1. Of these, Leu231, Leu237, which one is in contact with a Gly (Cβ under 7 Å, 6 or more places away or on another chain), buried (at least 18 other Cβ atoms within 10 Å of the Cβ) and either assigned to a strand (DSSP E or B) or among the hydrophobic types (A, V, I, L, M, F, W, C) (or both)?
2. Quick one: which of Gly207, Gly151 is in contact with a Pro (Cβ under 7 Å, 6 or more places away or on another chain) and farther than 19 Å from Ile283 by Cβ?
3. For the range 32-65, name all the residues that are over 20 Å from Ser108 (Cβ atoms) and open to solvent by 50 Å² or more (accessible area, probe 1.4 Å).
4. Pick from Glu256, Glu263, Glu242: which is more than 26 Å from Ser141 (Cα to Cα) and either among the charged types (D, E, K, R) or open to solvent by less than 20 Å² (accessible area, probe 1.4 Å) (or both)?
5. Could you list, in sequence order, all residues of the range 200-209 that are in contact with a helix residue (DSSP H, G or I) (Cβ under 6 Å, 6 or more places away or on another chain) and more than 19 Å from Glu256 (Cα to Cα)?
6. Filter the range 141-197 down to residues that are touching a residue at least 40 places away in the same chain (Cβ under 8 Å), closer than 18 Å to Leu241 by Cβ and assigned to a helix (DSSP H, G or I) and give me whichever is most open to solvent (accessible area, probe 1.4 Å).
7. Please work out which one of (1) open to solvent by less than 90 Å² (accessible area, probe 1.4 Å); (2) free of Cβ contacts under 8 Å to residues at least 24 places away in the same chain; (3) basic (Lys, Arg) is the condition Arg14 fails and give its number.
8. Just a yes or no: is a residue in the range 17-31 part of a helix (DSSP H, G or I) and modelled with pLDDT of 85 or more?
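The values are calculated or read from the model by the stated rules, or taken from the named source; none is laboratory data. Predicted model, so just to flag it, every value in this text is computed and none were measured. Note: ideal-geometry Cβ built from the backbone for every residue, glycine included; neighbour counts use all protein chains shown. Heavy atoms of the whole protein, side chains included, go into the accessibility calculation; ligands, DNA and RNA do not. Shrake-Rupley method; radii C 1.70, N 1.55, O 1.52, S 1.80 Å.
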Amino acid sequence: METSMIEQVRSFNRTMTERVGVLNDHFLGREHPLGEARFLWEIRKEGASVRELRRRLGLDSAYVSRLLRSLEKQGLVVVSADERDGRVRQVQLTAAGKQEQAELERLSDDFAQSLLEPLSEGQRVKLVDAMAQVERLLIASMVQITEADAGSQDARWCIEQYFTELSQRFEMGFDPDQVLAVSPDELTPPNGRLFIAYLREEPIGCGGVKLLQNGISELKRIWVAPRARGLGLGRRLLLMLEETARAAGMKTIRLETNRSLTEAISLYRQFGYEEVEAFNDEIHAHHWFAKRL
């Protein structure tokens with residue numbers, strides 16, 4: 001990676017933290033650092049579990065506990081056991097907490113306006129558009145892809161979501177009982193691998209590869225959640241699966257797909273997959289592709 005790119009990221013971070021006021025212990029002029037202010041916003045009027053707050057903000061348990069103790073001491077939140085599950089702790093705003101949250105909302109709107117006000121209309125449009133693009137790219141950088149147990153709860157959930165989407169998109173419908181079965185064992189080493197993509201600890205995509213004995217590998221169960229599309233996740237999964245097959249000594253990688261999945265077909269062609277004769281009798285497939293590794 002170019003040094004100039006690293007330097008630009010660091011320069012952007014310095015300017016952003018200065019302008020947003022991250023370095024000030026009194027964020028937006030209130031008696032809270034930014035961490036506490038953001039935590040109050042995330043609790044929201046309906047409350048939230050400690051587990052959910054930790055997940056949303058990507059914070060460790062110790063830091064969340066310190067934030068909660070501080071906010072409890074200020075009389076802004078109360079923490080109690082969930083009525084249905086005593087192991088789950090719920091956080092609710094007090095009356096004072098709701099009032100403080102409302103004031104932070106007002107001040108945040110004022111601050112956003114102060115960013116835009118000195119600029120011309122054209123500059124405002126450029127800044128807001130750039131912010132939207134940067135936010136999207138930052139979210140993409142937060143996605144983590146890890147190898148997973150093909151029989152795990154997250155793996156089963158992803159594949160269920162994948163099948164649900166196929167049933168909605170396929171012209172003739174989709175019956176999971178009629179597809180060529182792929183057992184968890186076929187996506188478990190040494191027979192294959194399964195990867196799951198996570199955003200804020202929630203699964204948002206998956207992809208598997210079968211490693212066959214004759215140097216041929218097959219892509220299976222590649223899916224990206226609708227809310228995660230546009231982050232380049234499909235490309236990341238595809239490249240990771242190809243590299244996994246290549247590292248295992250595979251010479252060819254192949255797949256079958258339905259004509260309704262136009263975005264996937266475009267991606268495969270973009271990455272050098274060529275259409276070949278049918279190599280299986282998958283009833284939902286219209287196209288078969290292969291690529292030399």
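1. Values: Leu231 fails: in contact with a Gly (Cβ under 7 Å, 6 or more places away or on another chain).
After ruling out the rest, the residue left standing is Leu237.
2. On the way: Gly207 fails: in contact with a Pro (Cβ under 7 Å, 6 or more places away or on another chain).
Answer to the check: Gly151.
3. Arg51, Glu52, Arg54, Gly58, Asp60, Ser61, Ala62, Tyr63, listed by residue number.
4. Working: Glu263 fails: more than 26 Å from Ser141 (Cα to Cα); Glu242 fails: more than 26 Å from Ser141 (Cα to Cα).
That would be Glu256, the only listed residue that is more than 26 Å from Ser141 (Cα to Cα) and either among the charged types (D, E, K, R) or open to solvent by less than 20 Å² (accessible area, probe 1.4 Å) (or both).
5. Start the filter on the range 200-209 by keeping residues that are in contact with a helix residue (DSSP H, G or I) (Cβ under 6 Å, 6 or more places away or on another chain), which leaves 200-201, 203-209.
Hits for the range 200-209 are Arg200, Glu201, Pro203, Ile204.
6. Top of the filtered list is Asp154.
7. Single failed check for Arg14: (1).
8. Going residue by residue through the range 17-31, those that are part of a helix (DSSP H, G or I) are 17-20, 27-29.
Among the residues that remain, those that are also modelled with pLDDT of 85 or more are: none.
Within the range 17-31, none of the residues are part of a helix (DSSP H, G or I) and modelled with pLDDT of 85 or more.
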